[in-house]
Amino acid sequence: MTITCSIVEDEPLALRMLESYVRRTPLLVLHKSYLDAELLQHDIEQGDVPMLLFSDIRMPQINGIELSRMLPPTTKVIFTTAYSRYALDGFKVNALDYLLKPISYDDFAAATEKARIWFEKEEKASQADRMLNEGLATSQVLQLKVERQTVNIPVADILRIEGLGDYVKIIRRDGSKTLSLMRMKNILDMLPQDQFSRVHKSHIVRLSEVTSFDKSHLTIGGETLPVTNSNALVNQEHNKTKTTLT
């Protein structure tokens, strides 16, 4: 794996040294360097954050401890400082490590290894959660009243759902259709929220099967449907883009 990192350090020589350490470390990719902590603060407020931050603590613009509290939980911090008395404060904000100046490359590499272990554990946990969710979605079955019978419909088979007054029409991937006495809101609550969205008062769609869309229409399974809520579609497209770039 690779870890994107940034450095904030108000001493130019110290900043250059840390940059050279990053370049020596294949695991790390330098995102940005800052001599001015306020520039980093601005980027944080804009959502431009790395996976890992090497941060000085005692800086004229803003204290590194306070700066770390502005970061999202997904960004880990390794503090770099000449003052050992700040170590306890650093660990109080869940710093991954604390490097005391002058920093040797061996100490830098050891701290980076801690970061690697932490991010790999997080990635494995995320993968396990995704596999569990996918497994539940695959095995999940909707039990619906169809005339006087109960019919089981696997969620994985559902392409889209159309509202018809007090009824819903479930359209499966194979084109077959099932009509059940149920409200749209009730069936939406039974579906995985990350896979389906109500894009119109009369239409629920499987997001991954939408082939194209704009603010007023979408295409799914060769059918064109009206759209009044495109937020979920935009988010789905953004996630696809992020995955492709990654």
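The values are calculated or read from the model by the stated rules, or taken from the named source; none is laboratory data. What you are looking at is a predicted structure, and each value in this text was computed from that prediction instead of being measured. FYI the Cβ positions are ideal-geometry reconstructions off the backbone, even for glycines, and counts take in every protein chain you see. What goes into the accessible areas is simple: the full protein's heavy atoms, side chains included, and nothing from ligands, DNA or RNA. Shrake-Rupley method; radii C 1.70, N 1.55, O 1.52, S 1.80 Å.
For this structure, a couple of remarks:
- Of all the residues in region 162-181, those that are open to solvent by 80 Å² or more (accessible area, probe 1.4 Å) and either of a type in the set (Ser, Thr, Tyr) or on the phi > 0 side of the Ramachandran plot (or both) number 1.
- Scanning region 188-202 for residues that are more than 27 Å from the chain's Cα centre (by Cα) and either open to solvent by less than 70 Å² (accessible area, probe 1.4 Å) or touching a residue at least 60 places away in the same chain (Cβ under 8 Å) (or both) turns up just one, Ser202.
- Residue within region 206-214 that is basic (Lys, Arg), surrounded by 13 or more Cβ atoms within 10 Å (Cβ to Cβ) and within 27 Å of the chain's Cα centre (by Cα) present: yes
- Residues of region 1-58 classified as touching a residue at least 40 places away in the same chain (Cβ under 8 Å), open to solvent by 70 Å² or more (accessible area, probe 1.4 Å) and touching a strand residue (DSSP E or B) at 6+ places or on another chain (Cβ under 9 Å), total: 1
- The single condition from (1) at pLDDT below 95; (2) in contact with a helix residue (DSSP H, G or I) (Cβ under 9 Å, 6 or more places away or on another chain); (3) not hydroxyl-bearing (Ser, Thr, Tyr) that Leu52 fails is (1).
- Under the condition of being open to solvent by 60 Å² or more (accessible area, probe 1.4 Å) and either hydrophobic (A, V, I, L, M, F, W, C) or part of a helix (DSSP H, G or I) (or both), the residues counted in region 59-78 number 3.
- Listed by position, the strands (runs of 3 or more DSSP E) enclosed by region 173-219 that each have at least 1 residues that are within 12 Å of Ile158 (Cβ to Cβ) are 177-181, 196-200, 203-206.
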